[in-house]
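The values are calculated or read from the model by the stated rules, or taken from the named source; none is laboratory data. Values in this document were obtained by computation on a predicted structure and should not be read as measured data. Glycine also receives a Cβ, built like all others from the backbone with ideal geometry; neighbour counts cover every protein chain displayed. The area values use the complete protein model at the heavy-atom level, side chains included, leaving out ligands, DNA and RNA. Shrake-Rupley method; radii C 1.70, N 1.55, O 1.52, S 1.80 Å.
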Amino acid sequence: MTENEKIRVKLEFDDVMLASTLFGAQSSNLVAISKLSEVQIDSRGNSLQLTADSHELIDPVAKTFTQLYAVLKAGKNVFPQDVEAAYKILCQNPAADLVKIFRDELFSVSRKKSIAPRTLTQRAYFSAIRENDMVFSIGPAGTGKTYLAVAMAVYALTRKEVKKIILTRPAVEAGEKLGFLPGDMVDKVDPYMRPLYDALYDMLDVPKVQDMIEENIIEIAPLAFMRGRTLSNAFVILDEAQNTTPEQMKMFITRLGPGSKAVIAGDVTQIDLPGHVSSGLVVARNVLHDVEGINFIKFEDTDVVRHPLVARIVKAYDAYECQGCHK
């Protein structure tokens, strides 16, 4: 394609100060998006010119800057990491509404806990769960995939949008054999469910959680217990979904009944299945990415909200594994 054949789009912004904020210090936001998108971005005053080989390349870039400008005009803060996250969100979902996503500031899960999304991807996650009956959240540890899903489940329950919460995960050991576990079935699967209990106890008083479990308002069970059921009027969360087989994943997502929502969370870099077994989460991502009513949210290492060191660890492992792929 010659220079004359390239696609050019001009964007005009009517507030010079907001445009300067949008472009970033020394145009850093423009440089970052240009590297991600392969779109040439030139600024002059309060306008941008986008140049690329196709509209497919330019469209998400144009949407990123026009929507984030609307966010700034609405009085919200936009940070450099938000700009890259916004571009990635719009690439995954061209219909995403960043203004609506940025409205998710704070909501009260219970009398004990209020939640504020800490990254743009977390905001998009909240919005996706509200607007879709099935959401897949895929990304590294520490990004809040499971914790935020449990928060939304508790929120929906307290508002009587659902009648119960069902939390499940496959009972797959993380690279080590635990051997014989004593006790009844509850005792045997309890270690696998501990992260789900921890999230609930952070949002609700322990006696309240125990009462709700006894009354079957909250059900915590291994994935195998979902077979043959229809899960109606429930908020259902499948955690550690990367450790499902394709058959288990299909079984689970076809359990959804009327009045229910499902959130499927997992990290495809931490698959503990035997080497010859495909991950149900990976297969579902490939099969269902275009199915209407299903939304996929992809978390990055920049979304890690644990100790700052965790984000650097995730990034280092990603770089190491990427090098291995090219050997």
Rank-order 269-277, 126-134, 74-82 by packing density, defined as the average count of other C-beta atoms within 10 Å over each peptide's residues, highest first.
-> 126-134, 74-82, 269-277
Relative to the chain, whose Cα atoms define the longest principal axis, helix 145-158 and its Cα axis are tilted in degrees, nearest 10, by 70 degrees
How big is the convex hull of the Cα atoms of the range 215-327, per residue, in Å³?
-> 147 Å³
Just need log10 I(q)/I(0) for the range 1-47 at q = 0.22, 0.24 Å⁻¹, Debye formula, equal scatterers on the alpha-carbon atoms, no solvent, rounded to two decimals.
-> -0.82, -0.93
Where the chain is the region considered: accessible area per residue in Å², 1.4 Å probe | 53 Å²
Note on the chain: contact order normalised by length, alpha-carbon pairs under 8 Å, 6 or more apart, percent, works out to 18 percent
Helix 308-325 versus the longest principal axis of the chain: what angle, 0 to 90°, nearest 10, using Cα atoms?
-> 80 degrees
Counting other Cβ atoms within 10 Å of each Cβ, which trypsin sites (Lys or Arg not before Pro) in the range 202-268 have at most 16 and sit in a DSSP loop?
-> Arg227, Arg229
Distant-in-sequence amide H partners of Phe136 (H built 1.01 Å from N, under 5 Å) = Ile264, Asn295, Phe296, Ile297
How much accessible surface does Lys315 have with a 1.4 Å probe, in Å² rounded to 10?
-> 130 Å²
Using modelled backbone amide H atoms (1.01 Å from N, in-plane), which distant-in-sequence or interchain residues come within less than 5 Å of Ala171's amide H?
-> Leu223, Ala224
So how exposed is Ser34, as accessible area in Å² (1.4 Å probe, rounded to 10)?
-> 40 Å²
How much of the accessible area of the chain, in percent, comes from carbon and sulfur atoms when a 1.4 Å probe is used?
-> 52 percent
When the gyration tensor of the range 1-116 is built from Cα positions, what are the square roots of 5 times its three eigenvalues, in whole Å, from largest to smallest?
-> 29, 16, 11
Quick one: Cα centre-to-centre distance for the range 62-121 and the range 252-292, in angstrom?
-> 25 Å
Applied in sequence order to the range 47-63, the curve 6.51 cos²θ - 1.76 cosθ + 1.60 (Karplus, θ = phi - 60°) yields integer Hz couplings, x standing for Gly and Pro, of 10, 10, 10, 9, 10, 7, 7, 7, 5, 4, 6, 6, 3, x, 5, 4, 5
Between the Cα axis of helix 185-203 and the main Cα principal axis of the chain, the angle (0 to 90°, nearest 10) is 40 degrees
Per-residue accessible area, 1.4 Å probe, largest first, puts Arg111, Arg118, Arg44 in the order Arg111, Arg44, Arg118
Which ³J(HN,Hα) values in Hz, rounded to whole numbers, follow from the phi angles of the range 68-80 under the Karplus curve 6.51 cos²θ - 1.76 cosθ + 1.60, where θ = phi - 60° and Gly and Pro get x?
-> 5, 5, 5, 4, 4, 5, 7, x, 8, 7, 10, 9, x
All Cα pairs of the chain, percent lying beyond 32 Å = 36 percent
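Take peptides 86-92, 144-150, 215-221 and line them up by average Cβ neighbours within 10 Å, highest first, as a rough protection proxy.
Ranked by mean Cβ neighbours within 10 Å, highest first: 144-150, 86-92, 215-221.
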Hey, what number do you get for the chain at 222 nm if only DSSP H runs of n ≥ 4 count, each worth -39500 (n - 2.57), divided across all residues, to the nearest 500?
-> -13500 deg cm²/dmol
With viscosity set to 1.306 mPa s and temperature to 10 °C, compute the Stokes-Einstein D of the range 50-164, Rh being the Kirkwood radius across alpha carbon pairs; µm²/s, no decimals.
-> 103 µm²/s
Residues whose built amide H sits under 5 Å from the amide H of Ile217, excluding neighbours closer than 5 in sequence, are none
